[in-house]
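Student: What follows is a structure written as C-alpha cells; I'll ask about it next.
Every number here is computed from the coordinates shown, using simple stated rules; none is lab data. If you're wondering where the values come from, they're calculated on a predicted model, not measured in any experiment. Cβ: placed from backbone, ideal geometry, glycine included. Neighbour counts: every protein chain shown.
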Amino acid sequence: MEHRTTSQDLRPLREITIPFVDPATLQELVSSAVERHLHAMEERLVSRLRRREETNSPNPLSELLSEREIAGLLHCHPRTVRRLELAKTLPRSIRIGSAKRWRSEEIKQWLAGVQTTEFRRTTISKS
C-alpha cells in the first residue's frame, strides 16, 4: 500500500513561520557559536596532549617478543624456538591468554650469553 502525500499532509508545514533575523544579529549568533565550538575543540586537544605527555611511558606489550620474532632474531624456524623452550634453554615465557611472549631484555641478555659461550667454545677448541 502506497501512501501518497496530500494537501492535508502539507498543511502543518505551511503554518510554520520563520522569524526574521537581521543579518548583523545572525552573523553574531553564528560567530559566537563557531567560537564556542572552536574553544571546546581546543580544550579537548590540549587535554589529549596533556594525557599523552603524562602517559609517555612505552607500551609494556611492545617490549614482549613473540615466537616468530625470536625466530627472526635467531634466523631459525619457530619450531626451533619451541624446542629451545622445551629444553629450557630459552628464558621463561609469559602467557597472555593462549599466546606466549618473552621479555625482550631477557632474550637480549640470553643472546649475549649464548654468543659469548659459543665464542669461548670455538676459541678453546682451536687451541
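Student: Would you mind calculating the gained length between V114 and R51 on full extension (0.36 nm times residue separation, minus the Cα-Cα distance), in nm to one decimal?
Tutor: Gain on stretching V114 to R51: 18.5 nm.
Student: Tally Lys and Arg at +1 and Asp and Glu at -1 over the other residues with C-beta under 13 Å from the C-beta of V34: what net charge comes out?
Tutor: Charge balance in the 13 Å sphere: -2.
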